[in-house]
Amino acid sequence: MSATEGGAIPTLQVDEDHVRVTEWRFPPGTATGYHRHEYPYVVVPTVPGTLTMVDAAGKEAQSTLQLGVSYSRHCGVEHDVQNRTDGEIVFVEIELKKA
C-alpha cells in the first residue's frame with residue numbers, strides 16, 4: 001500500500017486479465033491526483049462521504065457516496081478526486097478490463 005501523489009491510499013486487492021479491484025482510502029485533505037480511467041469501472045462505497053471531482057479545466061463537482069449505493073462510469077473519465085471533508089472516505093473500485 002502506498003499513497004498516490006495527492007495522498008489517497010490505494011490497496012490493490014485483485015489484478016487479473018479481466019478485472020482489477022482496488023480499495024481507495026481518502027483521509028481528510030487527500031486526493032488521487034489528476035488521472036484518466038482506461039477501463040469502465042464500478043465504485044462501491046464502504047465509508048460514505050462527499051468527494052470533490054476536479055476536471056482538466058478546473059471545473060468542480062461534488063459526489064456524495066452513500067453506503068450500499070454503487071455507481072458505474074465509462075472508460076475515459078479524467079479527473080482528480082479530492083476529500084475536502086473532516087472524515088475519511090473509502091470505496092472499492094472495480095475496473096472491467098475485458099468481457
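As for the stretch 19-37, it holds no residue that is more than 11 Å from the chain's Cα centre (by Cα) and of a type in the set (Asp, Glu). Within the stretch 72-99, track down each residue that is polar (S, T, N, Q) and either in contact with a helix residue (DSSP H, G or I) (Cβ under 6 Å, 6 or more places away or on another chain) or under 22 Å from ALA57 (Cα atoms) (or both). Residues satisfying the conditions are GLN82, ASN83. The strands (runs of 3 or more DSSP E) found entirely in the stretch 10-99 that carry 3 or more residues being touching a residue at least 24 places away in the same chain (Cβ under 8 Å) and not small (Gly, Ala, Ser) are 19-26, 41-47, 49-54, 78-82, 89-96.
Scanning the stretch 9-26 for residues that are surrounded by fewer than 16 Cβ atoms within 10 Å (Cβ to Cβ) and not aliphatic (A, V, I, L, M) yields PRO10, THR11, GLN13, ASP15, GLU16, ASP17, HIS18.
From the list GLY58, GLY29, GLY6, GLY68, the one residue that fits, being surrounded by 15 or more Cβ atoms within 10 Å (Cβ to Cβ), of a type outside the set (Val, Ile, Thr) and out of contact with any helix residue (DSSP H, G or I) (no Cβ under 7 Å at 6 or more places or on another chain), is GLY6.
The residues of the stretch 45-66 that are under 25 Å from VAL19 (Cα atoms) and touching an Asp or Glu at 6+ places or on another chain (Cβ under 8 Å), listed by number, are THR46, VAL47, MET53.
Coordinate-derived values only; no laboratory data. Just so we're clear, the structure is a prediction, and the values are computed from it rather than from any experiment. Positions of Cβ are generated from backbone atoms using ideal geometry, with glycine treated the same way; all protein chains shown enter the neighbour counts.
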